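Visitor: Dropping a structure here in structure tokens format, bear with me for questions.
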Amino acid sequence: MENLAVEKRFVVSSSPHVKTPETVQKIMIDVLIALVPAVVVAAVFFREKAIIPIVICLVAAMATEFLLIRKGIFNDGSAAVTGVLLALTLPPGSDWWLCVIGAVSAIILGKYVFGGLGNNIFNPALVGRAVLLASWGGRMTAWLSPVDLKSTATPLAEPGQAALVDLFTGNVAGCLGETSAVALLIGAAYLLYRGHINWRIPGGYIGSALIMGTVMSAAGFGFDITMGLWHVLAGGLLLGALFMATDMVTSPVTPNGQLIFGIGCGVLTMLIRIYGNYPEGVTFAILIMNAVTPLIDNATRPRFYGEVKK
Amino acid sequence: MTIKTFKGGTHPPHDKPAANKPIVTAKVPSRVVIPLSQHSGAPCEPLVEVGDEVKMGQKIGDVKAFISAPVHSSVSGKVVEIAPHFNPGGSSPMCVVIESDGKDTWADDVKPKKPLEELTGEEIINITKEAGIVGLGGAAFPTHVKLIPPEGGLEALILNGAECEPYLTCDHRLMVERAEDMIYGAKAMMKALQARKCYIGIEVNKPDAIAATRDAIGGDSTIEVVELEVKYPQGSGKQLVTAVMNGLEVPSGKRSTDVGVQVSNTGTAIVIADAIKTGRPLIDTVMTVAGSGVNESANILVRVGTIFTEIVEQCGGIKENAAKIIMGGPMMGGAVPTLDFPICKATSGVLIFTKDEVVMHEILPCIKCGRCVDVCPAFIMPNFISNAGEQNNHVEAKKLHVEECIECGSCAFVCPAKRPIVQWIRLCKSAIWAMSSK
Ligand code: SF4
Ligand code: SF4
């Protein structure tokens with residue numbers, strides 16, 4: 001075989017021989033870009049009380065991942081996303097150690113005990129938040145008013161009290177990323193435009209919460225569209241619906257599955273809010289739906305081309 | 001006119017550098033290496049011996065089996081060797097090596113047949129078989145087998161002019177330059193198949209081919225151009241049927257004829273026209289030479305048995321930094337280690353990529369982004385199948401209907417984690433096949 005020398009020159013690999021320029025890292029960078037408006041609004045309202053926790057969470061998450069797998073400090077970018085998302089679920093002025101514990105738990109318990117990105121069942125940022133909620137519930141609900149940075153209650157403690165327009169712009173007490181609906185919507189619009197999320201999960205989530213909030217309250221059934229809107233805009237629902245529930249790894253891949261997942265998140269959130277012990281239900285609603293995602297994917301497998309009903 | 005398509009699919013970068021280049025004719029090779037098996041089905045037995053003088057178009061290989069196609073000499077000259085020759089398709093088939101005398105003297109039996117109006121369907125099938133015609137769309141299935149009419153005739157014949165693979169432009173050029181013959185061939189195929197209609201599916205990015213085809217059809221109301229959306233894999237058989245027949249699906253495990261449709265390639269219709277009009281067997285084919293690694297892209301008419309190296313040299317040769325050779329299109333074609341093997345009847349093109357296009361990506365775990373599920377035209381779940389394949393879990397892959405995969409490559413194309421999904425699918429399929437044939 002005299003042409004063996006030539007053969008070495010040419011790569012033999014499986015088709016297809018062209019690939020999309022999209023990479024996991026580029027998707028993660030896009031998610032970070034989409035979070036910029038929310039981060040900016042948090043920084044404007046809460047100043048160093050927002051900036052310091054965000055930076056600490058970001059650095060702690062990236063450092064933890066780096067120590068675990070040593071693949072470059074940014075790696076695929078998912079640790080940075082987890083860090084920022086976690087920070088946005090924390091109250092303003094959270095202590096540095098709270099941020100660090102949250103971020104380390106998010107990366108280790110949320111991701112690496114399952115085998116790393118792609119294999120995790122639960123949204124890592126929410127795992128971090130759940131650990132903090134379970135251990136330091138008081139600190140996790142110590143809210144500040146964005147007006148004077150004094151202690152205040154979350155609007156969720158008194159359903160219907162805060163003005164809808166304040167909820168919309170972010171002029172209310174709450175977690176760093178929960179306050180401004182506009183900032184979250186701008187970010188989500190970018191992700192939609194880039195094709196990283198679609199309408200099904202946020203639509204199912206927000207739609208079902210809106211309907212339930214409109215017709216239900218702890219006192220019984222009724223009809224109050226402002227309450228529905230209030231439930232959608234207050235607390236972490238938008239942050240959850242737009243950025244947490246849409247996490248690709250932990251949500252279904254089938255179109256119908258995504259819709260069911262979104263509706264499930266909305267229904268659970270509202271049940272917890274209206275009947276549960278916690279004023280907020282987003283974290284546990286999404287974590288519960290994360291757990292049933294494999295089942296949903298299985299049950300909503302599309303009919304394959306040419307499938308004949310038996 | 002509505003533009004039709006199928007569900008799923010994707011948009012690979014649409015590079016067609018040779019789309020506007022008229023077909024040129026390659027130099028007559030001084031030596032051809034003609035494989036005796038260039039089709040699916042039984043390989044041929046040689047009909048000639050070393051030392052024999054052969055004429056152009058003379059039958060040099062044939063076999064009794066029904067699913068097979070005879071092989072003809074593509075030059076006139078002398079048989080110098082009959083031996084296996086390297087072929088990257090796997091086995092090294094027996095080849096007849098002929099040294100050309102440069103005269104291109106046609107064999108005596110290459111004569112025009114009766115006009116189409118006087119031919120019976122059976123005669124058309126016979127002419128197709130004798131001319132060694134195989135499907136030029138890829139699988140090289142003997143065409144005469146596909147022309148047998150089903151009981152009660154056929155709803156429609158669909159000619160595939162989608163040519164959805166990037167780079168490939170040979171079908172496009174043939175439609176533009178030889179539309180009349182294509183329609184002639186279509187009519188012959190319709191007659192053989194007793195087909196009531198013929199649809200010619202062409203993607204809308206080839207307006208010149210659509211116009212030329214419409215011109216050639218003229219007032220014939222039984223033949224119609226169907227404009228197709230530019231989307232990959234529009235030219236895949238089943239997807240084409242679904243698009244053209246308004247959502248009709250070919251049931252799993254069945255053939256398109258079971259739902260009254262037969263699919264063939266536009267180029268195949270042209271060679272059938274040649275076989276009837278001039279008696280010429282299938283001894284040459286139009287292929288595309290393209291890619292960043294070649295100096296001059298081209299659509300080129302080449303004799304079967306020409307060594308690829310010679311053709312690429314006629315296109316200015318390959319560049320220093322060429323790093324990959326692909327037989328066919330970039331989505332479904334196979335990469336080969338060398339150009340030192342012969343062109344076959346069904347060769348559609350050769351692509352050469354340079355180093356910067358041959359990036360070896362790190363394979364990451366699936367992030368369940370769902371892109372592959374969205375694009376899969378078979379509506380299966382490539383993400384879960386790829387996980388099963390990665391873990392060698394063939395039973396799971398089978399449960400996920402891996403066998404329905406048409407290997408179009410759309411999933412692996414869109415995957416941001418750069419997972420070699422198609423490769424794993426092929427491994428699963430052959431493992432399942434091996435299990436079931438035990
Ligand atoms: S799984 Fe098969 S049919 Fe589906 S996109 Fe991938 S290669 Fe194409
Ligand atoms: S495209 Fe790749 S990463 Fe996305 S779901 Fe499919 S296999 Fe997983």
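The values are calculated or read from the model by the stated rules, or taken from the named source; none is laboratory data. Just so you know, these numbers come straight off a predicted model, no measurement behind them. Neighbour counts are summed over all protein chains in view; Cβ atoms, including those assigned to glycine, are modelled from backbone coordinates with ideal geometry. Calculation scope for accessible area: heavy atoms of the full protein, side chains included, ligands and nucleic acids excluded. Shrake-Rupley method; radii C 1.70, N 1.55, O 1.52, S 1.80 Å.
Visitor: Take peptide B:365-377, look around each residue's Cβ out to 10 angstrom, count Cβ atoms belonging to other protein chains, and average those counts.
Guide: For this peptide, the per-residue mean of nearby foreign Cβ atoms is 6.
Visitor: In percent, how large is the relative contact order of the range B:371-436, given Cα pairs closer than 8 Å and 6 or more residues apart?
Guide: 37
Visitor: So, one more: Using only Cα atoms, tell me the angle between helix A:48-69 and the longest principal axis of chain A; keep it within 0 to 90° and round to the nearest 10.
Guide: Between helix and principal axis, roughly 30 degrees.
Visitor: For chain A, what does -39500 (n - 2.57) per DSSP helix run (n ≥ 4), summed and divided by total residues, give at 222 nm, in deg cm²/dmol to the nearest 500? Walk me through the numbers before you get to the answer.
Guide: Working: 13 runs with 172 residues, N = 310.
Taken over chain A, the calculation gives -17500 deg cm²/dmol.
Visitor: Output the relative contact order of the range A:239-310, whole-number percent, from Cα pairs under 8 angstrom with separation of 6+ residues.
Guide: Relative contact order comes out at 36 percent.
Visitor: By how many degrees, 0 to 90 and rounded to 10, does the Cα axis of helix A:78-88 deviate from the longest principal axis of chain A?
Guide: The angle comes out near 0 degrees.
Visitor: Which trypsin sites (Lys or Arg not before Pro) in the range B:44-84 sit in a loop by DSSP (not H, G, I, E or B) and have at most 13 other Cβ atoms within 10 Å of their own Cβ?
Guide: Details: sites: B:K55, B:K59, B:K64, B:K78; in loops: B:K55, B:K64.
In loop regions of the range B:44-84 (DSSP not H, G, I, E or B), the sparsely surrounded trypsin sites (Lys or Arg not before Pro) are B:K64.
Visitor: How large is the dipole of the range B:371-436 about the Cα centre if only Lys and Arg carry +1 and Asp and Glu carry -1, each at its Cβ, rounded to the nearest 20 debye?
Guide: On the way: 7 positive and 6 negative charges, 26 e Å.
It works out to roughly 120 debye.
Visitor: So for chain A, what are the equivalent ellipsoid semi-axes in whole Å, largest first, each being the square root of 5 times an eigenvalue of the Cα gyration tensor?
Guide: Calculated on Cα positions only, the semi-axes equal 37, 25, 17 Å.
Visitor: Rg over Rh of chain B, using C-alpha atoms and the Kirkwood radius, what does it come to? Intermediate results must be reported in sequence, preceding the final value.
Guide: Working: Rg = 21.5 Å, Rh = 22.5 Å.
With Rg and the Kirkwood Rh in hand, the quotient comes to 0.96.
Visitor: Still on this structure, I have one more. Please check: in the Gaussian network model of chain B (C-alpha springs, under 10 Å), which one of B:V302, B:V395, B:V350 has the largest mean-square fluctuation.
Guide: B:V395
Visitor: Something else now. With a cut-off of 8 Å between alpha carbons and a minimum separation of six or more residues, what is the relative contact order of chain A in percent? Walk me through the numbers before you get to the answer.
Guide: Values: 503 pairs, mean separation 48.7, N = 310.
For chain A, the relative contact order is 16 percent.
Visitor: Separate question: Take B:W433, A:W136 and sort them by solvent-accessible surface of the protein heavy atoms, 1.4 Å probe, largest at the top.
Guide: Most to least solvent-accessible, the answer reads B:W433, A:W136.
Visitor: Same structure, new question: Given a 1.4 Å probe, how much area per residue of the range A:24-294 is accessible, in Å²?
Guide: 38
Visitor: What Kirkwood Rh does the range B:296-433 have if only Cα atoms enter the pairwise 1/r average? Answer in Å.
Guide: Values: mean 1/r = 0.0595 Å⁻¹.
About 16.8 Å, per the Kirkwood formula over Cα pairs.
Visitor: Quick check: convex hull of the Cα atoms in the range B:205-326, volume per residue, rounded to a whole Å³?
Guide: Working: hull volume 22.2 nm³, N = 122.
Given the Cα convex hull of the range B:205-326, per-residue volume reads 182 Å³.
Visitor: Just counting partner chain Cβ atoms within 10 Å, what average do the residues of peptide B:333-340 show around their Cβ?
Guide: 5
Visitor: Averaged over peptide B:378-390, how many Cβ atoms belonging to another chain are found within 10 Å of each residue's Cβ? Display every interim value, and only then the final one.
Guide: Details: counts 5, 7, 5, 7, 1, 3, 5, 0, 0, 2, 0, 0, 0.
Partner Cβ neighbours, averaged per residue: 3.
Visitor: Can you list which of the chymotrypsin sites (Phe, Trp or Tyr not before Pro) found in the range A:19-104 are DSSP loop residues with at most 15 other C-beta atoms within 10 Å?
Guide: Hits after loop and neighbour filter: A:F74.
Visitor: Still on this model: In square nanometres, what is one fourth of the surface area of the convex hull spanned by the alpha carbons of the range B:334-382?
Guide: Taking a quarter of the hull surface, the average projection is 6.0 nm².
Visitor: Suppose all protein chains stay in the model; what accessible area per residue would a 1.4 Å probe give for chain B, in Å²?
Guide: I get 39 Å² per residue for chain B.
Visitor: Under a 5 Å amide H to amide H cut-off, with H placed in plane at 1.01 Å, what residues pair with B:V80 once short-range neighbours are removed?
Guide: Amide H neighbours of B:V80: B:G51, B:V97, B:I98, B:E99.
Visitor: As a test of understanding, state the convex hull volume per residue of the protein assembly as shown from its alpha carbons, in Å³.
Guide: Considering the Cα atoms of the protein assembly as shown, their hull volume per residue is 186 Å³.
Visitor: Here's another thing I want to ask about it. Once you have all Cα-Cα distances for the range B:126-215, histogram them in 10 Å bins from zero and send the whole-percent values.
Guide: Percent of pairs per bin, in order: 16, 46, 34, 5.
Visitor: List the extent of the Cα atoms of the range B:371-436 along each of their three principal axes, largest first, rounded to whole Å.
Guide: The Cα atoms of the range B:371-436 stretch 32, 20, 15 Å along their principal axes.
Visitor: Does anyone have the angle between helix A:24-46 and the longest principal axis of chain A? Alpha-carbon axes, 0 to 90°, nearest 10?
Guide: Approximately 20 degrees, to the nearest ten.
Visitor: Now, a different point. Determine the share of the protein assembly as shown's accessible area contributed by carbon and sulfur atoms, expressed in whole percent, with a 1.4 angstrom probe.
Guide: The computed percentage sits at 59.
Visitor: Now a separate question. Nearest-5 percent of antiparallel DSSP beta bridges in the protein assembly as shown?
Guide: 60
Visitor: Enumerate the amide H contacts of B:K324 below 5 Å, restricted to partners 5 or more residues apart or on another chain; note that Pro and chain-start residues carry no placed amide H.
Guide: A:V11, B:F353
Visitor: Under 24 Å between alpha carbons: how many lysine pairs meet that in chain A, if sequence neighbours fewer than 8 apart on the same chain are excluded?
Guide: 6
Visitor: What list of ³J(HN,Hα) values in whole Hz, one per residue of the range B:35-49 in order, does the Karplus curve 6.51 cos²θ - 1.76 cosθ + 1.60 (θ = phi - 60°) give from phi, with Gly and Pro shown as x?
Guide: x, 7, 9, 10, 9, 6, x, 5, x, 7, 8, x, 9, 10, 10
Visitor: How are the Cα pair distances of the range B:116-277 distributed, in percent, across 10 Å bins from 0?
Guide: It works out to 11, 44, 37, 7, 0, in whole percents.
Visitor: Now for a separate question. Could the peptides A:233-240, B:137-144 be put in order, highest first, of the mean number of other beta-carbon atoms found within 10 Å of their residues?
Guide: So the order, starting with the most tightly packed, is A:233-240, B:137-144.
Visitor: Let me ask something else. Choose one answer from A:P92, A:P21, A:P294: the residue with the largest mean-square fluctuation in a GNM of chain A with alpha-carbon springs under 10 Å.
Guide: It is A:P21.
Visitor: Roll a 1.4 Å probe over the protein heavy atoms and report the accessible area of B:S437 in Å², nearest 10.
Guide: Roll a 1.4 Å probe over it and B:S437 shows about 80 Å².
Visitor: Hey, another quick one. Calculate how many DSSP beta bridges within chain B are antiparallel, expressed in % of all such bridges and rounded to the nearest 5. Spell out each step's value before the answer.
Guide: On the way: 36 of 61 bridges.
Antiparallel bridges make up about 60 percent of those DSSP assigns within chain B.
Visitor: So how much accessible surface do A and B hide from each other in total, probe 1.4 Å, in square angstrom to the nearest 100?
Guide: Buried surface at the A/B interface: approximately 4300 Å².
Visitor: Grab the eigenvalues of the alpha-carbon gyration tensor for the range A:22-155, scale each by 5, take roots, and send me the semi-axes largest first in whole angstrom.
Guide: Output for the range A:22-155: semi-axes of 26, 17, 12 Å.
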